[in-house]
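The values are calculated or read from the model by the stated rules, or taken from the named source; none is laboratory data. The structure presented is a predicted model; accordingly, all values stated were derived computationally and were not measured. Cβ placement follows ideal geometry from the backbone for every residue including glycine, while neighbour counts extend to all protein chains displayed.
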Amino acid sequence: MFRRFEFERYGETRVFLDAVAALTEETGVHPQNINFGTTYVNITLESADGSEPGSAELDLAARINALTGSAEP
């Protein structure tokens with residue numbers, strides 16, 4: 001599961017990254033890949049064994065989307 005998040009300024013990107021880090025520490029679920037630049041963040045979520053995302057990954061994805069006010073999966 002992959003999603004790109006885009007922001008207006010680096011400060012917004014940084015706040016988002018810090019919030020994602022807090023969520024991953026809270027849930028114990030970590031993205032397989034996070035890639036970012038000044039105004040974007042790419043996040044890839046997979047299950048630990050590389051298969052389709054399970055309920056833990058889907059929950060984390062929903063919580064990450066909620067950080068931006070988006071309901072998009």
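Remarks
- Residues located in region 22-39, provided they are aliphatic (A, V, I, L, M) and closer than 14 Å to Phe2 by Cβ: Ile34
- Residue selected from region 1-17 under the condition of a type in the set (A, V, I, L, M) and either closer than 16 Å to Leu60 by Cβ or surrounded by 16 or more Cβ atoms within 10 Å (Cβ to Cβ) (or both), by the criterion modelled with the highest pLDDT: Leu17
- Where Asn42 falls short, out of the listed (1) under 12 Å from Arg4 (Cβ atoms); (2) exposed (fewer than 13 other Cβ atoms within 10 Å of the Cβ): (2)
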